[in-house]
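Since the structure comes first, as structure tokens, the remarks are kept for the end.
The values are calculated or read from the model by the stated rules, or taken from the named source; none is laboratory data. Note that this is a predicted model, so its numbers are computed, not measured. Note that each Cβ is placed from the backbone with ideal geometry, even for glycine, and that neighbours are counted across all protein chains shown. Ligands, DNA and RNA are excluded from the accessible area calculation, which covers all protein heavy atoms including side chains. Shrake-Rupley method; radii C 1.70, N 1.55, O 1.52, S 1.80 Å.
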Amino acid sequence: MPYSQHIKGLEIGVSTGYSWLNLETGRALQFDTNDLTQNQITVNKQASGINQKFDPSKAQIGLFANWNFSNRLSIGVQWNFLQQIEYRESAFITQSYFDSRGEISVNNSGRYAFGSTTDINVLWLSFKWSPITFNLSKNQLSIYFKAAAGSSFYSLSNRIPDAFFSLDFMSPTAFGNFRLGPGEIVNQNFNQQAWAWQVGGGFSLRSTVIPGIRLGLFYSRLGSFIQQDVSPAELFVLTAVNSQASDQFINISSSEQARSLSSLTLAIEIFAW
């Protein structure tokens, strides 16, 4: 049977591959203390730092179904799944200063460790075009290009397994000590949706006697999402009151910053019709 007739119609298959991921620069949480640029405040010591770690690569699996209009053009739907993408973030801050308005000495310190595990399901609508084909006995080798658009569904599991905050102040008339932790203050699960697109191409080998195989390289923008749920935007505030000066505080909150995730994927597809 000629290839032009044999490959028309429904094509179904499975895919697997390896993705190299890139998460755009940003923060999951915002870590703040009071502004020390006020008049009559002498800063004795201030230090802060942040450390981030992101899982840069992950295997993926998928299923797809295409409708071949000819040996050159097809349209299809595809599902891909990436599991257990890990992100870690930690921060610390220390402050020591003197407020001459009330002769108040203040010492602040705080730290936290944040962890996020993400599963991503992506549904694609794809268009595939094969401009060049070679007939080899009972096989057909093609060079193909593919463009796809779809929706990413993020399932995030977040936690702050360790947090410690302290604030001490002393004046001629009063003193105070405030503490939180160490301990866990956040553990949540939530879902988000984002739009995605993909472009790529590769080689396709079809046969009249065995399942077909494709090898392709694809660049995907998996959409923007907020890594920390914005509903509890203010996760924790430690405040010193009645200290004869502007309140001193340590605050940890959701950054509400949308971050974009992209990937470069080497994929193998096995299909039959």
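Per residue, the chain reaches 0 deg cm²/dmol at 222 nm when only DSSP H runs of four or more residues are counted, each adding -39500 (n - 2.57). The residues neighbouring Ala147, those whose beta-carbon lies less than 13 Å from its own, together hold a net charge of +3 under the Lys/Arg +1, Asp/Glu -1 convention.
The value for segment 15-83 of Rg(Cα) / (2.2 N^0.38 Å) is 2.24. Full extension of the chain between Asp32 and Ile61 yields a length gain of 6.4 nm, computed as 0.36 nm times the residue separation minus the alpha carbon distance.
Ordered from largest to smallest accessible area (heavy atoms of protein chains, 1.4 Å probe), the residues Tyr18, Tyr87 come out as Tyr18, Tyr87. This model, with +1 at the C-beta of Lys and Arg and -1 at the C-beta of Asp and Glu, gives the chain a dipole about its Cα centre of some 1540 debye.
Of the residues Ile104, Ile12, the one with the largest accessible area comes first in the ranking Ile12, Ile104, computed with a 1.4 Å probe on protein heavy atoms. Sorting Lys58, Lys138 by solvent-accessible area of protein heavy atoms yields Lys138, Lys58, largest first, with a 1.4 Å probe. Considering every alpha-carbon pair of the chain, the percent of pairs per 10 Å bin, from zero through the bin containing the longest distance, is 6, 24, 20, 15, 12, 9, 7, 4, 1, 0. If you take the square roots of the eigenvalues of the alpha-carbon gyration tensor of segment 1-145 and sort them as a ≥ b ≥ c, do you get rounded (a/c under 1.5), prolate (a/b over b/c) or oblate? Note, shape of segment 1-145 comes out prolate. Using Cβ point charges alone (K and R +1, D and E -1), the dipole size of segment 79-132 about the Cα centre works out to roughly 200 debye. The count of lysine pairs in the chain whose Cα atoms are under 27 Å apart, excluding pairs fewer than 8 places apart on the same chain, comes to 8. In a fully extended conformation the segment linking Asp162 and Gln84 would gain 26.0 nm over its present Cα-Cα distance, using 0.36 nm per residue.
Can you give me the C-alpha center-to-center distance between segment 78-110 and segment 6-48, rounded to a whole angstrom? Between the Cα centres of segment 78-110 and segment 6-48 lies a distance of 15 Å. Working note: Cα gyration tensor of segment 44-87, eigenvalues times five, square-rooted, sorted largest first, giving semi-axes of 47, 12, 7 Å.
Put simply, the amide H of Arg27, placed in the peptide plane, has no neighbours under 5 Å, leaving out anything fewer than 5 places away on its chain. A probe of 1.4 angstrom, applied to the heavy atoms of all protein chains, finds Ile61 with accessible area near 90 square angstrom.
If you sort the three axes of the alpha carbon gyration tensor as a ≥ b ≥ c, you get a/c of 1.5 or more for segment 71-166 and a/b above b/c, which makes it prolate. Judged by the ratio a/c of the largest to the smallest principal axis of the C-alpha gyration tensor, segment 121-273 counts as prolate, that ratio being 1.5 or greater while a/b is larger than b/c. Dipole of the chain computed with +1 at Lys/Arg Cβ and -1 at Asp/Glu Cβ about the Cα centre; of Asn80, Ser142, Ser253, farthest Cα towards the positive end is Ser142.
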